[in-house]
Amino acid sequence: LNPEHVNCDRLFNVFCLYGNVARVKFLKSKEGSAMIQMGDSLAVERSIQNLSHVTLFGSKLTLAVSKQAFLQDVPNPYELPDGTPSFKDFMGSRNNRYANPEQASKNRIMAPTKVLHYFNVPPELSEKVLEEVFTNMGAECPEKIKQFPATSARSSSGLVQFKDTEEAVNALALANHASIPNPSGKSPYVMKLCFSGSPIGGR
């Protein structure tokens with residue numbers, strides 16, 4: 001892992017596509033390595049199957065099953081280069097996507113592609129604002145955007161396409177669960193991202 005760019009939240013943002021993430025811990029004794037406790041063994045298998053050898057911030061991911069059954073709590077974790085803690089517990093996170101069978105069945109499980117499906121954003125969100133959400137989080141600007149026709153007055157969804165798969169993986173790590181102001185309410189929208197197998201046609 002690239003220690004300058006990867007932290008617990010960014011690993012969560014990628015691995016939550018394949019199962020519930022319980023805990024993430026970076027290893028001080030082995031720079032560039034981390035351990036991730038998933039909700040069950042199937043989630044581990046899905047992660048290894050879909051993310052092995054994927055490039056994240058310039059580093060190729062190597063995944064293997066750990067001998068440890070679970071990660072112990074770390075009361076005083078050391079700081080990562082970006083100032084965030086090297087250990088984080090996500091067990092109570094509302095951003096986990098496999099909390100129950102109904103929720104789990106809605107997930108589209110696939111290996112990374114250069115296209116991201118975005119959902120749970122404000123219904124009137126413009127392409128310009130969507131581009132700014134990605135660039136403000138440090139991601140590259142999408143090359144193409146396709147907004148889906150609104151099926152609900154509460155939120156909207158669509159596709160964003162990047163130059164290549166690596167750019168899309170980085171964008172997912174950075175901008176998945178980005179907060180977008182809600183023009184008509186107190187609570188902001190939390191944008192959710194996953195990979196899509198549908199490239200956007202010429203525009």
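Among residues of segment 176-203 that are at positive phi, none has a Cβ under 7 angstrom from a residue that is exposed (fewer than 10 other Cβ atoms within 10 Å of the Cβ) at a sequence gap of 6+ or on a separate chain.
If you check Lys186 against the conditions, is it over 23 Å from Gly19 (Cα atoms) and at pLDDT below 95? It would help to see each step written out before you state the result.
Values: over 23 Å from Gly19 (Cα atoms): yes; at pLDDT below 95: yes.
In short, yes.
Per the listing Phe87, Phe12, the residue uniquely within 28 Å of Glu167 (Cβ to Cβ) and of a type in the set (Phe, Trp, Tyr) is Phe12.
Of the residues examined, Phe148 is one that is more than 19 Å from the chain's Cα centre (by Cα) and among the aromatic types (Phe, Trp, Tyr). Within segment 125-157, track down each residue that is in a strand (DSSP E or B) and more than 19 Å from Asn13 (Cβ to Cβ). Those that are in a strand (DSSP E or B) and more than 19 Å from Asn13 (Cβ to Cβ): Lys144, Ile145, Lys146, Gln147, Ser156.
The values are calculated or read from the model by the stated rules, or taken from the named source; none is laboratory data. Given the structure is predicted, the values throughout are model-derived calculations rather than measurements. Here the Cβ is made from the backbone with ideal geometry for all residues, glycine too, and neighbour counts use every protein chain on show.
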